[in-house]
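The values are calculated or read from the model by the stated rules, or taken from the named source; none is laboratory data. Note that the structure is predicted; figures quoted are calculated from it, not measured. Here the Cβ positions follow ideal geometry from the backbone for every residue, glycine too, while neighbour counts run over all protein chains shown. When the accessible area is computed, the model is the full protein with side chains, heavy atoms only, and any ligands, DNA or RNA have been set aside. Shrake-Rupley method; radii C 1.70, N 1.55, O 1.52, S 1.80 Å.
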Amino acid sequence: MLEGNGFVVAAYVVMWVGVLGYAVRLHRVSRDAKHRLAQASRVDARRHI
Amino acid sequence: MSHAVPLETESPPAAVGVTRPIEWLGLVALLALVGAQLLGVLTSPPDRDMGHLQKIMYVHVPAAWNSFIAFFVVAICSLLYLWKGQERHDLLAASAAEVGTVFTALTLALGSIWGRPTWGVWWTWDPRLTSTAVLLLIFVGYLALRSFVEDADRRAQWSAAVGLLGALNVPIVYMSVKWWRTLHQMQSSPSTVDPEYVVGLRANGIAVLLVLVYFIMKRYRAARVERLAEQLEERAALEGRDHA
Amino acid sequence: MAFAQDLRRVRAIVWKDLTTERRSKAGFNSVAFLGVLILLLFGFALGPDAEALRDAAAGALWLAILFSGVLAFNRSYQLELDGGALEQLLLYPAPRWTIFAGKLAANLLFVLLVEAIVVPVAIILFQVKSTAGWLPAIGVMLLGTIGFVSLGTFYASMASRSRAREVLLPLLLFPMLIPVLLASAEASSSLLAGDPMRDAGAWVRLLAAFDVIFVVASFLAFDYVIEV
């Protein structure tokens, strides 16, 4: 039974690691995308003055 | 291949600014998830056969449901893209496919953790387990295709076709694996759900659905910003860098 | 009238592809040889026990066909792409499906010819005792091959024009083919054993349904895929 409870804990840990891990990745992806857009629009603005 | 797209529809700084409501949704989803899990874990009595192992159901089953919802979104958006050719459908399909792949991988990992103490093995060639794995592989292929094709029109058109055919195949895969198993005879999976677990299960299903929607929207927003940057870069490359 | 003309176009593409193949032969020979090689490797992996070999024969044969056949599909577009011939082909005032039909028929013939070599070798190597079921087994073979080739031809039209085409095609194709693999292997091993469980019929129906669904779907989707 003790061993079984270990599996329950493991399942919840895996679930949270997955969800939070993906949330962190998403945060990075959208931050990088914003940087890229800011960079591209700076270049674009400079050329259209 | 892709034509020069006029960019006046959306000024870039405005697109970057509007992230507030999404972050609120993220917070709500997080709280809902914590609340639903507490509800599930605290209120459910230990199962007669499985004991506390039953509590894995609250994370495994909602993940499975929601990965199917994600792939349903992929199929619908792929169809809409082929029909109407609007970029937003393509980006939404891609976002849903990525999030769905994460949830499917979670479903398999959690199913495996559940399977070890109940069935005594980490993996069994159970129809649902196996067809979920095939679904994962189909959409890993979908994401690989997207990452290997640079041209935006091509990527959109091709991945819409691949997404649609992949979704079409899911029921056929399920049926074939099911026949294959029943002919060889195996143990059944613990699919009967006692009524006292239903409330917790539903609450968790809804909480995970909120997380899914938040992830897809957030990914979609990032994909939009990426596309906008790509188009600006393309335009810069086409006009030459003499002004810079 | 217009349909007859379309059929002529399909025939022209098939003839062109097969002529290219016949003149070089390098492609066919190496693909067929690879199929035989895979069978041999399976034999070594499974050990010399005749009973074990016989049980695994249908599955091993199908894997040999999948792994060797998959090499043919990218080639069939690669030859077009090298000389910019695909653009020329697309410029002709003909419906797009004729191109797909031509490629599909040429690839089907190619894979069937490979099977004509690989299947007898499998029967010998895996010591299959031929019983009454060999005629329906050929039918199963044909149905499975149609499903395999139609999806292979369709996915190769994309994979061959992307980066990393060698990896991408099997990555896209093989997960889709799991029903074909299951149904073909199960039906043919059941038929070769005299169909003791009377389950081959269900598998054949599944194969036929798969073929109809995906031949139609890939014909419809090819129009979208080839134009970009």
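A few notes on this one:
- Looking only at residues in segment C:1-50 that are among the aromatic types (Phe, Trp, Tyr) and under 24 Å from the mean Cα position of the chain (by Cα), the one that is most open to solvent (accessible area, probe 1.4 Å) is C:TRP15.
- Subset of segment B:194-222 [more than 8 Å from every other protein chain (Cβ to nearest Cβ) and touching a Ser or Thr at 6+ places or on another chain (Cβ under 6 Å)]: B:TYR197, B:GLY200, B:ILE216, B:TYR220
- When C:LEU66, C:LEU53, C:LEU86, C:LEU61 are checked against the criterion of being modelled with pLDDT under 80, assigned to a helix (DSSP H, G or I) and surrounded by 15 or more Cβ atoms within 10 Å (Cβ to Cβ), a single residue qualifies: C:LEU86.
- The numbered conditions (1) open to solvent by less than 10 Å² (accessible area, probe 1.4 Å); (2) within 24 Å of the chain's Cα centre (by Cα); (3) at pLDDT below 85 are all true for B:THR19 except (1).
- Every residue from segment B:139-158 that is closer than 18 Å to C:PHE154 by Cα and among the hydroxyl-bearing types (Ser, Thr, Tyr): B:TYR142
- Of all the residues in segment B:83-126, those that are more than 30 Å from A:SER30 (Cα to Cα), out of contact with any Phe, Trp or Tyr (no Cβ under 8 Å at 6 or more places or on another chain) and in a helix (DSSP H, G or I) number 3.
- Top-ranked residue in segment A:22-49 [being open to solvent by 50 Å² or more (accessible area, probe 1.4 Å) and within 7 Å of chain B (Cβ to nearest Cβ); ranked as farthest from the chain's Cα centre (by Cα)]: A:ARG46
- Across segment C:189-199, the number of residues qualifying as within 11 Å of chain B (Cβ to nearest Cβ) and either closer than 14 Å to C:TRP62 by Cβ or modelled with pLDDT of 80 or more (or both) comes to 1.
- Output for segment B:22-46, where each listed residue is more than 10 Å from chain A (Cβ to nearest Cβ) and either open to solvent by less than 20 Å² (accessible area, probe 1.4 Å) or under 14 Å from the mean Cα position of the chain (by Cα) (or both): B:ALA36, B:GLY40, B:SER44
- Condition check for C:LEU71: touching a residue at least 40 places away in the same chain (Cβ under 8 Å), in a helix (DSSP H, G or I) and farther than 23 Å from C:PHE174 by Cβ: no
- All positions within segment B:108-123 that are closer than 19 Å to B:SER67 by Cβ and touching a residue at least 60 places away in the same chain (Cβ under 8 Å): B:TRP114
- Residue list for segment A:12-21, filter: facing another protein chain (nearest Cβ under 7 Å) and more than 18 Å from B:THR101 (Cα to Cα): A:TYR12
- Counted residues, segment B:127-175 - those being outside any helix (DSSP H, G or I) and either open to solvent by 20 Å² or more (accessible area, probe 1.4 Å) or under 13 Å from B:PHE68 (Cα atoms) (or both): 2
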